[in-house]
1. Inside the range B:32-88, can you point out the residues that are under 22 Å from the mean Cα position of the chain (by Cα) and of a type in the set (Asp, Glu)?
2. Say we look at the range B:300-320 and pick out the residues that are more than 12 Å from chain A (Cβ to nearest Cβ) and under 10 Å from residue B:234 (Cα atoms); which of these is modelled with the lowest pLDDT?
3. May I ask you to list the residues in the range A:231-249 that are hydroxyl-bearing (Ser, Thr, Tyr) and either assigned to a strand (DSSP E or B) or under 32 Å from the mean Cα position of the chain (by Cα) (or both)?
4. Quick check on the range A:97-118. Is at least one of its residues more than 30 Å from residue A:43 (Cα to Cα), exposed (fewer than 15 other Cβ atoms within 10 Å of the Cβ) and among the hydroxyl-bearing types (Ser, Thr, Tyr)?
5. Which residues, counting only those in the range B:133-154, are within 12 Å of chain A (Cβ to nearest Cβ), part of a loop (DSSP other than H, G, I, E, B) and either out of contact with any helix residue (DSSP H, G or I) (no Cβ under 7 Å at 6 or more places or on another chain) or closer than 27 Å to residue B:202 by Cα (or both)?
6. Quick one: in the range B:155-181, which of the residues that are buried (at least 24 other Cβ atoms within 10 Å of the Cβ) and of a type in the set (Val, Ile, Thr) is farthest from the other protein chains (Cβ to nearest Cβ)?
7. Can you say whether residue B:205 is part of a helix (DSSP H, G or I) and within 12 Å of another protein chain (Cβ to nearest Cβ), as far as the supplied structure shows?
8. Determine if the range A:148-165 includes at least one residue that is among the basic types (Lys, Arg), part of a loop (DSSP other than H, G, I, E, B) and at pLDDT 90 or above.
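The values are calculated or read from the model by the stated rules, or taken from the named source; none is laboratory data. In this text, all values refer to a predicted model and were calculated from it rather than measured experimentally. Note that each Cβ is placed from the backbone with ideal geometry, even for glycine, and that neighbours are counted across all protein chains shown.
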Amino acid sequence: MSDAPFIIRTRGLTKRFGDFTAVDDLAIEVARGSIFAFLGANGSGKSTTIRMLIGLLRPTAGAIEVAGIDVIRHPRRVRDHIGYMGQHVSLYQGLTLRENVEFYAGLYGLSAADLARRWSELRERFSLGRVEADRAEDLPVGIRQRAGLALTSLHEPRVLFLDEPTAGVDVHDRALFWEWIHERAAAGVTVFVTTHYMEEVDYCDWVAFIDAGRLIANDEPEAIRRRYSSGYRIDLALPPAARERVSTRLGPAGVKVETTPHGVRLTVPGLDPELLERLRACVLEEAEGSVHVARTEMTEIFRTLLAEARR
Amino acid sequence: MNAEGTAPSPAFIRIHGLEKRFGTRRALADVDLVVERPEIVGIIGPGGAGKTTLLRALVGLLEIRASEATVLGHDLRGDVTGLKAATGYVPQAFSLHRALSVEENLRFTGRLHRLPESDFRSRAQELLSITGLEPFRGRPSGALSGGMKQKLAIACALLPSPRLLVLDEPTAGVDVVARAEIWALLERDKHRAAIVTSTSYLDEAAACDRLVYLQDGRVKADGTPAALSAATPLAPYRVWGDDPRATARAARGLPYVAAARASGRFVRIEVARALSPSPLTLQRALATLPGAMLAEPLPPDLESTLLALSRGLTPATRGGSSGGARAPGPAWQ
């Protein structure tokens, strides 16, 4: 088993359907134990890429390695190491949720004892006890997504592929999903996730944007924000006497400071810990009241990226 | 609710005491919903709250019980054939004919509704151009991307210019750009039709004229997004620092913190207003949590509102005790 820093790697990954190129020369690297957001508009090639990564679809060209396995050569071998949740959670209709769980446990070769232990944990965590006896087709979408997410981890895989796990999920459950994803990552599991809720990009360690099957951005969310926006604008409400003092305190180190009718305004490319520390000191010693931070949200950045890529 | 209208015209929706059971399970109970003018009504709530069931009931797909249940003048407890012809419905699962092209799906819908050819042509052309589906008119609908499928489904629903449009999570799994286009399509029709839609996106909920919050099959709140947010007993804070996950864990231990959610650079913390210290003290307390550096109050929004509703928290009242006379506005039940 390899201990390489990257648990997923692709080189020149390409998929053509007839004369349509769905995925075009894609090179990505996913760090072990990280949360990797894979984003793009509908039809940009996200799901096709995931299906190749998990060995369900054979690429036209390129190389894929997942958890040390050459996926193109051994498409089946990778499946023991991964958990996958598709856009449409695959539960068998006509079977109850519990029967579905037993079916999947059988596929993964889980012992009865392991199944009992794992499922009681997951059932509790995802509040699925009440619907365990319901048939799959009777589960509302939000609950089906919860069940789908729980099922990805029955066999404790090292890599999770989650294709829009939060689509159609309410805000409260989305927060719980992400809390759980963060816990998995903290435990060393790598999470490869797609979403159309752009605020979720900021919950991830890394983000790759694709359009028309090609990579158009690939970096940490903050680095992308820095590149495609004017960064952060911080308004500090301050009494007149303090404005000059705070300006000089915060002024150096590439911070743009202006005075406003209510205090000072800083414009900075990023909110790094050093700057936050100095801001904290100012707020504790000087500021009477409010701090307001404004930044460009990922929705806007995504639009900018797409517009540039399609120009 | 009083109609601020002029002459009495039949309401779009007038439902009182609606109940729906599936076997022994009660999916909807005691639901009141009155829509008297064209507007966008958002149906929101946790998974399993009954949103889909309510939407299906509105278009006459379910047998229900109610003390009153008329939609566009048709009684839901009687013959609903006429209602189905007058309503546009977009269910959660894509239900158009995959083998038919974009244009053929529109034509099929036009025939079902017996639209005269000239009306069909002009209306279909209009919808193809505003949805951006024009270049794809010959493509089989099964081969469209997720966002385009939804645009086509909505275009088909809008084709006969229905007075009521019912949509079940029309934008789930749809990208930001297509979502904005779909929303613009709805906005365009909201002056002549009542639009009832479920959504899990907070930005879409905020764009509705009115929100109905369902939980456990019951209507727990009904009001404009602004009124619901203003009444929420939670105040959101954003705490910036170098270890948001540690900050979130510590925050959850504070007696006045209802929830804490870590993002990349900050933690969003929901503070129960009635229990919290003064704003300045609170700001300092939050900024000194582990991993935290700067605390920033945010204006109340729907995220706090929905969290409060899901926890059954009642609005903040001055002086602490709840109950008694309530100000008009959002109804919290």
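1. Correct list: B:32, B:36, B:39.
2. Let us first name the residues in the range B:300-320 that are more than 12 Å from chain A (Cβ to nearest Cβ), namely B:300, B:312-320.
Adding the requirement that they be under 10 Å from residue B:234 (Cα atoms) leaves B:300, B:313-316.
On the way: B:300: 88, B:313: 83, B:314: 70, B:315: 64, B:316: 49.
Among residues in the range B:300-320 that are more than 12 Å from chain A (Cβ to nearest Cβ) and under 10 Å from residue B:234 (Cα atoms), the one modelled with the lowest pLDDT is B:316.
3. Of the residues in the range A:231-249, the ones hydroxyl-bearing (Ser, Thr, Tyr) are A:232, A:247-248.
Hit for the range A:231-249 is A:232, nothing else.
4. yes
5. Listed by number, the residues that qualify are B:144, B:145.
6. Top of the filtered list is B:166.
7. Judged against the criteria, residue B:205 is a match.
8. Here is the first cut: in the range A:148-165, the residues among the basic types (Lys, Arg) are A:158.
With the extra rule that they be part of a loop (DSSP other than H, G, I, E, B), the set shrinks to A:158.
Now narrow it down to the ones that are at pLDDT 90 or above: A:158.
The answer is yes; a qualifying residue exists.
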